[in-house]
Amino acid sequence: MTAPPNRVKAMRSLPSVERLALALGPPHELAVRAAREAIEARRDEIAAGADSPPNASGDEDALTDHARAILERLQRPSLRRVLNASGVIVHTGLGRAPLADGAADAVAVLAGGYSNLELDLEEGERGSRQSHVVAVLCDLTGARDALVVNNCAAAVVLAAASLAGGREVIVSRGQLVEIGGSFRMPDVVEASGARLIEVGTTNRTRVGDYSRAIGPETGAILRAHRSNFGLVGFAEDVEIEALCELGPPVIDDVGSGALDAGMPALASEPAARRSVAAGAALTCFSGDKLLGGPQAGILVGTAEAIEMARSHPLARALRIDKLSLTALEATLRLYREPARARAEIPVLRMLESPREVLERRAARLVGGLVAAGAGAEVVESSCMVGGGALPLLELEGPAVAVATGALRVEDAAARLRLGDPPVIARVRRGRLLLEVRTLAGSEVEEAGAAVARALEA
Ligand SMILES: *Cc1c(COP(=O)(O)O)cnc(C)c1O
């Protein structure tokens, strides 16, 4: 079978990749890729029977526009700012905790120049990057010493490797948790070079289960917080104080942890200060969950245990980078005044947003959407904290339901993701919801405009 003559003609009239790429301008390599993609798409259209006037200048203009749009997409940074209307406060897919303004400013100042990262300015000698956060961490938790690394997973591996490498680590079967992002307690212990000794059962572990397992090969007892699920009913765990009385060093992985004991919403998160006071050798927690800072893994504990972790060869491989450290120091400083921390750290502010604030935000968002021609109304909803923290806490409040017309809600949500800026909405019970708890007050107008644009496109 031969193609109809007008199709052949249309194919022949397509410009060469090279000519189209030159018309697009630099960078040439990406322009060639965009030109090839646009021409191939046009070929497919023609082959499928979409006849258009061969070589008409309108056709060539459309092809160039398409190629230019592809080039723009290829040139756009891959990592972009998005508006979080998902309602999940600590969303690992969206980079977990947004930084407080003060912390973001500190990063901006440090990022473009040199710093005293590892220089003792008083002595003029080589210093330690840890020196910038040790004092504040000790003050906030009551610990004797502290060490920060890349993330909490790294902190737990380093803790187990330095206290129990080559020996045994005792863990309750009820705490062999998977946190997500492939953090599985048995694998973490294995990666540290320690041997896992499981004790107790899924729902009940008692002091006697631990004490029977302790022997000459015991390196440490590891406790892991069940961050992302709850165990209710016939369940029993050993409190940190009792674990610390058993003798071997205790590693307490509190996950998100709570630094500010004053917030009711945080009541069910283990407080780092309590583990330290109980005598845990090392207490580990994340920087970018409920603490509200950058990705980081924080170890606080006894002088001896921290020294063992600090001098372990893995510590160098797991070390924190200077930008995260800068953001962490600035965030921790806010906790010296708990009221300020709650006012300025976005994660804490979102946890405690008063209903009136959310209602005003929702009303503003509806106003913006309706003015832009979209249908929207305020509805009642509830959000999760996310990020493996406070799994049982439901935060009730208003959200905005957006009318999607003939579009399926999933397709509408996809359009919002592909908009500029991308808006991450929530599909719940067949409706497209914009949760206002996770939008900053300053993002409401921008979100409304982006949603309206994406839906009318
Ligand atoms: C989240 C979590 C981790 C992992 O922390 P990252 O900072 O993501 O590495 C480890 N343990 C517990 C209990 C957690 O909740």
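Apply 1/(1 + (r/R0)^6) to the Cβ-Cβ distance of Arg355 and Ala41, taking R0 = 45 Å, and write down the FRET efficiency to the nearest 0.05. Show your work: numbers first, answer last.
Working: r = 49 Å, r/R0 = 1.10.
Using R0 = 45 Å, I get an efficiency of 0.35.
Where does helix 355-371 land angle-wise versus the long Cα axis of the chain, in degrees 0 to 90, nearest 10?
The answer is roughly 10 degrees.
What percent does the relative contact order of the range 142-271 come to when contacts are Cα pairs within less than 8 Å and at least six residues apart?
24
Using only the Cα atoms, work out Rg/Rh for the chain, with Rh taken as the Kirkwood radius, to two decimals.
1.09
To the nearest 0.05, how large is the calculated FRET efficiency for Val370 and Phe234 if R₀ is 51 Å and r is the Cβ-Cβ distance? Mind showing how you got there, number by number?
Values: r = 52 Å, r/R0 = 1.02.
It comes to 0.45.
Rank-order 302-308, 396-402 by packing density, defined as the average count of other C-beta atoms within 10 Å over each peptide's residues, highest first.
Peptide ranking by packing, descending: 396-402, 302-308.
How big is the dipole moment of the chain about its Cα centre under a simple scheme where the beta carbon of each Lys and Arg is +1, that of each Asp and Glu is -1, and everything else is neutral? Debye, nearest 20, please.
The dipole of the chain has a size of about 880 debye.
Using the basic label-point model (7 angstrom from Cα toward the beta carbon), what is the Ala363 to Ser128 distance in nanometres?
Those two pseudo-labels are separated by 5.4 nm.
Starting from 0.36 nm per residue, how many nanometres of slack lie between Ala265 and Arg144 once their C-alpha separation is accounted for? Let's see the in-between values first.
Details: separation 121, 0.36 × 121 = 43.56 nm, distance 2.80 nm.
That pair, Ala265 and Arg144, stretches by 40.8 nm at full extension.
Does the range 297-398 come out rounded, prolate or oblate by the C-alpha gyration tensor, with a ≥ b ≥ c the root eigenvalues, rounded set by a/c under 1.5 and, if not, prolate when a/b is larger than b/c and oblate if not?
Working: a/c = 2.78, a/b = 2.70, b/c = 1.03.
Judged from the Cα gyration tensor, the range 297-398 comes out prolate (a/c at least 1.5, a/b above b/c).
Leu246 to Glu307: FRET efficiency via 1/(1 + (r/R0)^6), r the Cβ-Cβ distance, R0 30 Å, to the nearest 0.05?
My answer for the efficiency is 0.85.
Against the longest principal axis of the chain, how steep is helix 28-47, in degrees 0 to 90 to the nearest 10, with axes from Cα atoms?
In the chain, helix 28-47 runs at an angle near 60 degrees to the longest axis.
Per DSSP H run of at least 4 residues, take -39500 (n - 2.57); add these up for the chain, divide by its residues and hand me the 222 nm value, nearest 500 deg cm²/dmol.
-12500 deg cm²/dmol
Among bridges DSSP assigns within the chain, what percent are antiparallel (round to 5)? Write out the running numbers ahead of the final one.
Numbers: 30 of 51 bridges.
Percentage antiparallel, nearest 5: 60.
Kindly identify the range 141-294 as rounded, prolate or oblate by the Cα gyration tensor criterion: order the square roots of the eigenvalues as a ≥ b ≥ c, call it rounded if a/c is under 1.5, otherwise compare a/b with b/c, prolate if a/b is larger, else oblate.
rounded
With everything on Cα atoms, drop me the angle between helix 152-164 and the longest principal axis of the chain, reported from 0 to 90° to the nearest 10.
Taking Cα atoms only, the helix is inclined about 30 degrees.
Along the charge dipole of the range 188-230, Cβ charges K/R +1 and D/E -1, which of Thr205, Gly219, Ser192 sits furthest on the positive end?
Checking the options against the dipole of the range 188-230, the answer is Thr205.
Multiplying the sequence separation of Arg319 and Ser16 by 0.36 nm and subtracting their Cα-Cα distance, what value in nm do you get? Could you put the intermediate results ahead of the total?
Numbers: separation 303, 0.36 × 303 = 109.08 nm, distance 5.09 nm.
Once the chain is fully extended between Arg319 and Ser16, it gains 104.0 nm.
With labels modelled as points extended 7 Å from the Cα through the Cβ direction, what inter-label distance (nm, one decimal) is found for Leu74 paired with Glu396?
5.4
Need one number: nm distance between label points at Thr202 and Arg226, each 7 Å from Cα along Cα→Cβ, rounded to one decimal.
1.0
If packing is taken as the average count of other Cβ atoms within 10 Å, what order do 405-415, 211-221 fall into, highest mean first?
Result, highest mean Cβ count within 10 Å first: 211-221, 405-415.
Counting alpha carbon pairs within less than 8 Å and at least 6 residues apart, what relative contact order, in whole percent, applies to the chain?
Numbers: 842 pairs, mean separation 83.7, N = 457.
Taking the mean separation of contacting Cα pairs over the length of the chain, I get 18 percent.
From the phi of every residue in the range 433-450, what ³J(HN,Hα) in whole Hz does the Karplus formula 6.51 cos²θ - 1.76 cosθ + 1.60 yield, where θ is phi - 60° and glycine or proline is x?
10, 10, 7, 8, 5, 9, 8, 6, x, 6, 9, 5, 5, 4, 5, x, 5, 5
Taking amide H positions as placed in the peptide plane 1.01 Å from N, state which residues far from Ile197 in sequence (5 or more) or on other chains have amide H under 5 Å from it.
Val169, Ile170, Val171
Kirkwood-based Rg over Rh for the range 38-186 (C-alpha set), two decimals?
Rounded to two decimals, Rg/Rh equals 1.21.
Taken together, the values in this text are just the output of simple stated rules run on the coordinates, not laboratory data. What you see is a predicted model; the values in this text were computed from it and never measured. When we count neighbours, we look across all protein chains shown, and the Cβ atoms used for this are built from the backbone with ideal geometry, even at glycine.
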